[in-house]
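A quick write-up on the structure given underneath.
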């Protein structure tokens, strides 16, 4: 069993913005770790206090094969001057011992753990990229 961490950010507190970010984050989690949802034990999502229009677990639960993953949403502890619009996760999953764990830090959240961040996936449009900066 391995623990996998990750985070992303959103430019605004909207269902669409959060859905796009969570989808991108979970796509990268599965792809970079060659992970199938049937091997995921649990996921705890945390969001900053400024995000309150949809639960990340509700988005995840609608994904293929994610309906049996145990998930929990919590609010991230508030620390003044910390990164806003941030969605984090802690995943516990079964991975072969030969697999190197790839932690997923996207968008502005890449600054949280630059030692774990990988090159960013291609974004849908230039305007979305500019709004994330």
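Summary of values
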item	result
Sites residue 23 and residue 78, calculated FRET efficiency, Cβ-Cβ separation with R0 25 Å, nearest 0.05	0.45
Neighbour-count ranking [beta-carbon atoms within 10 angstrom, fewest first] of 14, 8	14, 8
Helical mean residue ellipticity (222 nm; -39500 (n - 2.57) per DSSP H run of 4+; nearest 500) of the chain	-7000 deg cm²/dmol
Residue exposure sequence - 88, 32 - by fewest surrounding Cβ within 10 Å	32, 88
Relative exposure of 101, 10, 74, judged by other C-beta atoms within 10 Å (fewest first)	74, 101, 10
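Bear in mind that the values in this text are calculations on the coordinates, not laboratory data. Keep in mind that this is a model prediction, so the values were computed, not measured. Heads up, the Cβs are rebuilt from the backbone with ideal geometry, glycines too, and the neighbour counts pull from every protein chain shown.
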